[in-house]
Each structure stands twice: as structure tokens, then as C-alpha cells.
Amino acid sequence: MNCKTRIVHVPITPTTIAPPAANYAHAVLTTGAERWLHTSGVVPTRPDGSVPEAIEDQATVVWENIGAMLADAGMAASDIVSVTTYAVVGQTLAGVMAARDEFLDGHLAASTLVTVPALARTEWKVEIAIVAAAT
């Protein structure tokens, strides 16, 4: 008998704490996962080596790069369970959050956004790491 395990991602939002501050889940409970993808910090470098100037454009490039990694792993945005975003202090973060929300297309993942004084290269304004789980 060929029985495939069903993976389930359940957002955890206790009613005893304040709701999330934006479009994310406080936590995600994953059951039935057999494959996990952990990325390093994904940076806003395009395949040709260029880096856009504006942070919102950098965020879009980062999510395109994450999408390529997910595709190579046979996964999709809906398999993401956790997102950690690092953004350089002083940047407007609305575009970063909008790029995340557009990529996730309604899927809720646990999400943390941290402002930092700088990233490894001076032109980088945002870097994102994700964890995804699938069968």
C-alpha cells in the first residue's frame, strides 16, 4: 500500500496574546514533513551580479532568489514555515513587507524582522533567510 503522509502547516495564534503586528503567524506547527529546506541569508544580487538600489527592489530580488531555491528543492511558497528578514536601519520597511506578502500570496508563515546597522556588503539593504517543510 502506497500511503503518502499529508503535510499540514497550522498557524498558531493564541487568543491570550496580542494578534500579530502585520500579515504573519506568531508560530506555525508543521506535521507530516519529510523534507526541510533551510536557507542561508539570501541577498539581493541578481544572476548577472547587479544589485538594485531601492530596498523594495532588493526585497523583490531576494524573493525571486528564494523562489528559485524552492523550485530546485521541489517546493513552493506555501511550504515556507519561517521567515527571518534583516534590514539596514533607516530604511523604509513597507516595501520589504509588501514583497514578502506578494510572494507568499496569502500564506502565513512565522516572520521576524530585525533591523541591523549593516550587512556584509555595503550595497545590500535587506537579507532574508527562510525555513520550508514539505513531504
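The values are calculated or read from the model by the stated rules, or taken from the named source; none is laboratory data. Predicted model only: the values in this text are computed from it and were never measured. Virtual Cβ from ideal backbone geometry, glycine too; neighbours counted across all protein chains shown. Keep in mind that these areas ignore ligands, DNA and RNA; they rest on the heavy atoms of the full protein, side chains included. Shrake-Rupley method; radii C 1.70, N 1.55, O 1.52, S 1.80 Å.
For the stretch 72-101, the set of residues classified as in contact (Cβ under 8 Å) with a residue 40 or more places away in the chain and either open to solvent by 50 Å² or more (accessible area, probe 1.4 Å) or of a type in the set (D, E, K, R) (or both) consists of GLY74, SER78, ASP79, TYR86, MET97, ALA98, ARG100, ASP101, listed by residue number.
Among (1) more than 19 Å from ALA21 (Cα to Cα); (2) assigned to a helix (DSSP H, G or I), where does LEU37 come up short? Single failed check for LEU37: (2).
For the stretch 1-34, a residue qualifies if it is touching a residue at least 24 places away in the same chain (Cβ under 8 Å) and in a strand (DSSP E or B), and the qualifying residues are VAL8, HIS9, PRO11, ALA25, ALA27, VAL28, THR30, THR31.
For the stretch 124-135, a residue qualifies if it is within 12 Å of the chain's Cα centre (by Cα) and surrounded by fewer than 18 Cβ atoms within 10 Å (Cβ to Cβ), and exactly one does: ALA129. Residues that are open to solvent by less than 60 Å² (accessible area, probe 1.4 Å), in a loop (DSSP other than H, G, I, E, B) and without any contact (Cβ under 8 Å) to a residue 40 or more places away in the chain within the stretch 46-71 comprise GLY49, SER50, PRO52, listed in sequence order. Taken as a whole, the stretch 35-44 holds no residue that is among the charged types (D, E, K, R) and either buried (at least 16 other Cβ atoms within 10 Å of the Cβ) or within 27 Å of GLU123 (Cα to Cα) (or both). How many residues does the stretch 14-59 contain that are within 18 Å of SER82 (Cα to Cα), in contact with a Pro (Cβ under 7 Å, 6 or more places away or on another chain) and polar (S, T, N, Q)? Residues that pass the stated criteria total 0. Only one of the listed residues (GLY32, GLY49, GLY74) is at pLDDT below 90, over 14 Å from the mean Cα position of the chain (by Cα) and more than 14 Å from HIS107 (Cα to Cα). That residue is GLY32.
When each of ILE80, ILE17 is tested for being β-branched (Val, Ile, Thr) and at pLDDT below 95, the lone residue that passes is ILE17. Picking from residues in the stretch 102-123 that are touching a helix residue (DSSP H, G or I) at 6+ places or on another chain (Cβ under 7 Å) and among the hydrophobic types (A, V, I, L, M, F, W, C), the one that is surrounded by the fewest Cβ atoms within 10 Å (Cβ to Cβ) is LEU104.
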